[in-house]
Structure formats: C-alpha cells, structure tokens
Amino acid sequence: MEPSLIIKALSNETRRQILTWLKHPERHFDETPYVQHGVPQRIGACVSDIQEKAGLAQSVISSYLLMMQNAGLLEMERVGKWTFYRRNEKTIQAFADYIRDEL
C-alpha cells in the first residue's frame, strides 16, 4: 500500500463516487445486462456502466479507473469483451488502518 497514491486518487470527487458506487454495485447499476450475459454482478461493474453513471467521457473514466487500480483501490477482471472493476477491500482496510494508526 502506497498512501500517497491513495490520497491522490481520493482527491477527486468522481473517483470517490466511483468507490461509493462499487461498494454496493447492485444499488447503483442495473443488473439486467449482467444476468442476460451470465455474468454475476458481484464481480463488479462494467466500465461502460461506470462511464454512463458518471456522465464523463470514456477516456476520462478509463484514466480514473487506471489511477485507482494503480493505487490499489480497485481490482480489474475481464470477462469476454467486458472489463469489470470492483473495490480492493484489503487495500481500503489497510489505508483506513493507516489513517487511524499513523495520522
């Protein structure tokens, strides 16, 4: 865990919102397309769904997701032509512990 990368990733409102959405993706994203394609929503949310919800260009969302993944906040999984992102709860917990214990 690199705290400075996480702090930088969390400095943007949209990136924080993405983490909130991914905490409970079933509340924030329509699961119908996932079910139709036999993909369990528990693996995360598709990039296109995140992009649509955020209302930003796909290139911007992709750069945000990559930054969050590089900071260790997100995990990525490819299923066929889709790319899914989910929260990396271990890193999030380690960062929360760091904030509590070190700062």
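Values in this text are rule-based calculations from the coordinates and carry no lab data. Keep in mind it's a predicted model, so treat the numbers as computed, not measured. Here Cβ is always computed from backbone atoms with ideal geometry, including for glycine, and neighbour counts include all displayed protein chains.
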Pairs where the first residue, in region 15-41, is over 23 Å from A57 (Cβ atoms) and the second is of a type in the set (D, E) and part of a loop (DSSP other than H, G, I, E, B), C-beta under 8 Å, 6+ apart: Q41/E31
Whichever residue in region 63-89 is free of Cβ contacts under 8 Å to residues at least 40 places away in the same chain and over 18 Å from P25 (Cβ atoms) and, among such residues, is surrounded by the fewest Cβ atoms within 10 Å (Cβ to Cβ): K81
Condition met for R78 (under 26 Å from T32 (Cα atoms), charged (D, E, K, R) and over 12 Å from the mean Cα position of the chain (by Cα)): yes
Which listed residue is β-branched (V, I, T) and over 16 Å from P3 (Cα atoms), from I43, I99: I43
